[in-house]
Amino acid sequence: MSEDSQQTGEETGEGTGQEESLFEAPPIGEQERMVEAILFASAEPVSVKELNSRMPHGSDAAEALVHLKKRYEGRGVNLVKVGDAWAMRTAPDLSFLMQKETVETRKLSRAAIETLAIIAYHQPITRAEIEEIRGVSVSRGTVDQLLEMEWIRFGRRKMTPGRPVTFVVTQDFLDHFGLESARDLPGLKELRSAGLLDNRPPPSAMPALGEGDEDAEEESAEGQSELFED
């Protein structure tokens, strides 16, 4: 190649990968910020050619990448080359923090729903008391499912013969339903007005509060205030 042709090529910018521009290129620090913004916003690695096409004329994405890579050394996020493109990636030694967790949706059986509701409204309550309210036995699988979901937990043992264990709802249960405490559960009047309970529930629907208790019926209608314990 002659000197004239070589000089002509340099003047037109051929072979340099840069287009001639009448505008002054932004400072390299500003170009670095532009590259950083593009890479953070992109789900896929971005090539130098694409970076240059997005940035103002006269910019040098390759040089900006050199500065950016140095700035991110030792950080939680690194600038890495992926093939012929560049991307922001988690530092290799912190990859364990990015493990993907899959949440499995499990549908509760009717027995589990009834058992959970009884525990929520009558806690602390024993298995025998749950079975007395439901009128049927409570399978171990039902209780195990609720325990596995961490919606119920074991409470203190009851001071009765045999010291049976009790069940109470957990913080996860309250958080799932947006409740501050079990006392925020809807009362009987609210459930009836919402059509979730019959106007006259059968006597077996609620546990006996004790014979000769003049306030039993009133307390039941007010939402079982005496059935909740911390």
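Readers should treat all values here as calculations from the given coordinates under stated rules, not as data from a laboratory. As the structure is a prediction and not an experimental result, all values here were calculated from the model. Cβ placement follows ideal geometry from the backbone for every residue including glycine, while neighbour counts extend to all protein chains displayed.
Applying both filters, DSSP loop and at most 11 other Cβ atoms within 10 Å, to the GluC sites (Glu not before Pro) of segment 134-183 gives Glu180. Under the combined filter of DSSP loop state and at most 16 neighbouring Cβ atoms within 10 Å, segment 125-178 retains these chymotrypsin sites (Phe, Trp or Tyr not before Pro): Phe177.
Rg and Dmax of segment 26-95, both derived from C-alpha coordinates alone, stand at 11.6, 38 Å. For Gln99 and Arg54, the FRET efficiency from 1/(1 + (r/R0)^6), where r spans their Cβ atoms and R0 equals 22 Å, is about 0.10.
Less than 15 Å from a label point 7 Å out along the Cα-to-Cβ axis of Glu24: which backbone N atoms in segment 50-93 qualify, by residue? Once the point is set 7 Å along Cα→Cβ of Glu24, 57-59 turn out to lie under 15 Å by backbone N, inside segment 50-93. Arranged from fewest to most other beta-carbon atoms within 10 Å of their beta carbon, Ser181, Ser42 become Ser181, Ser42. Applying the Karplus relation 6.51 cos²θ - 1.76 cosθ + 1.60 with θ = phi - 60° to segment 137-154 yields 3J(HN,Hα) values of 6, 9, 6, 5, x, 5, 5, 4, 5, 5, 5, 5, 6, 6, 9, 9, 8, 6 Hz, where x marks Gly and Pro.
A Förster radius of 45 Å, combined with the Cβ-Cβ distance separating Ala91 from Ala117, puts the computed FRET efficiency at roughly 0.40. In terms of other Cβ atoms within 10 Å, Leu185, Leu147 run from fewest to most in the order Leu147, Leu185. For segment 98-191, the set of trypsin sites (Lys or Arg not before Pro) satisfying both a DSSP loop assignment and a count of at most 11 other C-beta atoms within 10 Å is given as Lys100, Arg106, Lys107, Arg156.
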